[in-house]
Structure formats: structure tokens, C-alpha cells
Amino acid sequence: MKDSKRVISIFFGGCSTEYEVSLQSACSVIQGIDPDRYNLILIGIDRDCGKWFWYRGETEWIGENCWMEKGTLTPVFPLFDRTVHGICYLDHGSLRTISIDAALPVLHGKNGEDGTVQGVLELMGVPVIGCSLLSSALCMDKVLSHRIVEMHGIKAAKSITLTRDSLEQEVKQDAREIGFPLFVKPVRSGSSFGITKVFQEKELIPAVNLAFSHDSTVILEEMIEGFEVGCAVLGTQDLIIGEVDEIELSDGFFDYTEKYTLKTSNIHVPARISPEKADEIKKTALAIYNILQCSYFARVDLFLTPDGEIYFNEVNTIPGFTSHSRYPNMLKAAGFSFEEVIHHLLELGLASADKERIK
């Protein structure tokens, strides 16, 4: 009897500084999927060379970062025959194919969250559960996303773009124009990699050099007084939004270490703000989600100043997705369990895929 379960591919790993974060997120997502409803094809992407492997092994080995050593790995390749919409592999010299109903990339940062994998899946004819190639690329680019959002009347921090050709004296002059303290950021990077909060001019050039180690374009960005708030948005047409969360910092900024250890910071869900201000933040987040053509899921990060002004920070098109990450916790506060969020995403993706195939 033919298996009637739909085939979902989960992508994890990737050539990115956020490789380990992807493993943790993917492990949680896979554990949150009902195996009686779906057949899962797990595609692990090697960190160093970018090879794709069909992974068959314990889910826990993904989270423990030993999936390549302990699991069964079969090299697979994207198949650009859109009648198959899937992957292919060699089995004792014979070419085999696997058709995929939809794919959920659980990849963070470059080469996964920036539209690259989304573009490959589009060429394969595999529907993506997540933001499109265009939306992913726009949201990953801090300069372009800020400019587009500002065109719609939403505030963003003042910034100046640097390239590798920028002269040191010009960089220092640009920094004085922005004013200290300021942030030095790679234009396309996630999890705060390469970001430095600079208090004095003597710290500037080392911070710029660090940022350039993560991307070819860097920005000097004004520091917005206040604190960061976030909104989890879920859906394609009928959008669901989680409770607003708030990052409470004792010092510095919400860098990679703080994001994944919370050593000196706290996250409050719901945020400690008035219901009226929370509603305003939600409306702003929904507007940004639509302006940047996001779909399925994203976390919209904003700043709230002491005067109550809202500034756009960034959109994470594939936010951290462990059971204790910000995105699912905001939706949990709004009444949706982790498993319900995952199931809703998969069903949305399959429904959309079915509509496209009918066309």
C-alpha cells in the first residue's frame, strides 16, 4: 500500500558562522513534527564544502553536532527537472530520485537565510515554507531593508555605508558625523556576528576590520536610545502575531553570547509596556512584514525609545527555532504551542503547494 503521508524536507547546517545555531533549531523543529502525519527527508549541508547529504540517524545527533560522524549519509543533489521537484542520488550506480512536496529551510545567516537556498529550491520546483528568494535577500541586507521601510514612513537608525576602498580618515569622519557611541555592523550577517558597539574613535578601525571579515560591505549605525522589542509573525494571508517581547540588558548589547546564554540579560514576554504601545508595535511589525514581502514566518525586531518612538532594526526571516527561542516563546504567550506553530507552518506550505500544482 502506498504511503499517503506528504514528504517534507528539512534543511539544516549550512556554510555559515551560524551553523551550530541551525543544528539546534533544526533538532527542535524535527522533534516538534508529528511523524504520523509527514515523511521527513532531512538534508544536512556540510559546513566547510557545502555538500548536501540525505541524513538518516538520530535527531539528537543533529543537536549534538555529531550527525556527520554517527548518521547514515547519502550525497544528494538538487534536481532541476521540475516534473520531479526533488533531489537525486546514486544507488549502486543507478540514479534515484525523491520527490518533495515542500521544503522548510532551518538555516541561519549566509548561504541559507539570504535567499540562496530559496533560489535553488525555486529552480527545483520545490515550494519553500518560508520567505521567498527576494524577501530573504532584502531582509538580510541591512541597508536595503532600512531604505525600503523608511520609504513607507517607518523610522530607522541613521547609518553610513563603507566599502573596502573607504579610507581610514573618511571612516573616522563618518563616525564623527554619526556620533559616539555607535554600532559597526556587517551589512549581511546574523546572530550579531561581526557587530561591535564602539564608544571611542580608537576602537573604530579594529571594529571595522572585524566587520569586514564577515562581509564586503559594512555600516556605521547610530545607536538608538531605549531597548529592543520583537514581534513574531506567522502566516501568509491571515497573519498571526505573538506577544511583544522585550530585551533587558544590564550592559553592552545583545551580541551572540547574550543571545544564546542570557548571562547578563533577560527577555520579558510580554514586554513591560502599555497595551496601547504593544498594539502600536504589533501594527508596525505587521506593516514591515508586508512591506518586505515576508511569508510564513519571521521575527521583526524594533527599538522603543524612552519617548515612545519606534525604530526598525531588522527582520530575521529564519529566526532561532528552539523551544526556548524568542520566536516560539512570543507565539506561546499568545496561546500557540511549539508543536502547533510547526504544524501550522507545514500545513500552510502544503496548501500553497497544492494550489500551485493545480495551476
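Might you tell me the accessible area per residue for the chain, computed with a 1.4 Å probe and given in Å²?
I get 46 Å² per residue for the chain.
Figure the gain on full extension for R56 and S4 (residue separation times 0.36 nm, minus the Cα-Cα span) and round it to one decimal in nm.
This chain segment gains 16.7 nm when fully extended.
Can you send over the carbon and sulfur percentage of the accessible area for the chain, probe radius 1.4 Å, protein chains only?
51
Under a 5 Å amide H to amide H cut-off, with H placed in plane at 1.01 Å, what residues pair with V244 once short-range neighbours are removed?
Long-range HN contacts for V244: A271.
Using 0.36 nm per residue, how much length does the chain from A333 to F77 gain when fully extended, once their Cα-Cα distance is taken away?
The span from A333 to F77 would gain 88.2 nm if fully extended.
Residues with beta-carbon under 14 Å from that of T305, excluding T305: net charge, scoring Lys, Arg +1 and Asp, Glu -1?
-4
Here are some pairs, K5/K283; K110/K277; K197/K283; which of them have Cα atoms lying more than 31 Å apart in this structure?
K5/K283; K110/K277
Any idea how far the Cα center of the range 77-115 sits from the one of the range 209-230, in Å?
34
Given springs between every Cα pair under 10 Å in a Gaussian network model of the chain, which of T116, T163, T17 has the largest fluctuation?
T163
Between (1) 29, 56, 14, 0; (2) 27, 51, 20, 2; (3) 25, 46, 25, 3, 0, which matches P(r) over Cα pairs in 20 Å bins from 0, in percent calculated for the structure shown?
Recomputing P(r) over Cα pairs in 20 Å bins from 0, in percent here gives the entry labelled (1).
How far, in degrees from 0 to 90, does helix 168-178 lean away from the longest principal axis of the Cα atoms of the chain, to the nearest 10?
The helix 168-178 is inclined about 80 degrees to the chain.
Using 1/(1 + (r/R0)^6) with R0 = 25 angstrom and r between the beta carbons of C88 and D48, what's the FRET efficiency to the nearest 0.05? Can you show the working numbers first?
On the way: r = 23 Å, r/R0 = 0.91.
So the FRET efficiency works out to roughly 0.65.
So how much slack lies between E64 and Q293, counting 0.36 nm per residue of separation and subtracting their Cα-Cα distance, in nm?
79.0 nm
Kindly work out what percent of the DSSP beta bridges joining two residues of the chain are antiparallel, to the nearest 5. Walk me through the intermediate numbers first.
Working: 54 of 69 bridges.
Antiparallel bridges make up about 80 percent of those DSSP assigns within the chain.
Order these peptides, 206-216, 343-353, by their mean beta-carbon neighbour count within 10 angstrom, highest first. Provide the component values of the computation, followed by the final result.
Details: 206-216: 16.6, 343-353: 18.8.
My ranking of the peptides, most packed first, is 343-353, 206-216.
Report the Cα centroid-to-centroid distance between the range 142-170 and the range 12-28 in angstrom, as an integer.
First find each Cα centre; the distance between them is then 29 Å.
Can you give the calculated 222 nm mean residue ellipticity of the chain, where each DSSP H run of n ≥ 4 adds -39,500 (n - 2.57) and the sum is split over every residue, rounded to the nearest 500 deg cm²/dmol?
Helices in the chain give a 222 nm mean residue ellipticity of -10000 deg cm²/dmol.
Taking the Cβ-Cβ separation of M151 and S274 as r and a Förster radius of 35 Å, what is the calculated FRET efficiency to the nearest 0.05?
After rounding to 0.05, the efficiency reads 0.75.
Using a Förster distance of 41 Å, how high is the FRET efficiency between N39 and L286, based on the Cβ-Cβ distance and rounded to 0.05? List each step's numbers first, then the result.
Values: r = 34 Å, r/R0 = 0.83.
Approximately 0.75, to the nearest 0.05.
Which trypsin sites (Lys or Arg not before Pro) in the range 47-103 pass both tests, a DSSP loop state and at most 16 other beta-carbon atoms within 10 Å?
K51, R82
Residues of the range 286-325 with amide nitrogen under 16 Å from the 7 Å Cα-to-Cβ point of L134?
Backbone N within reach: 289-296.
The values are calculated or read from the model by the stated rules, or taken from the named source; none is laboratory data. If you're wondering where the values come from, they're calculated on a predicted model, not measured in any experiment. Backbone-built Cβ (ideal geometry, glycine too); neighbour counts: all protein chains shown. The protein model used for the area step is the full one, side chains on, heavy atoms only, and it has no ligands, DNA or RNA in it. Shrake-Rupley method; radii C 1.70, N 1.55, O 1.52, S 1.80 Å.
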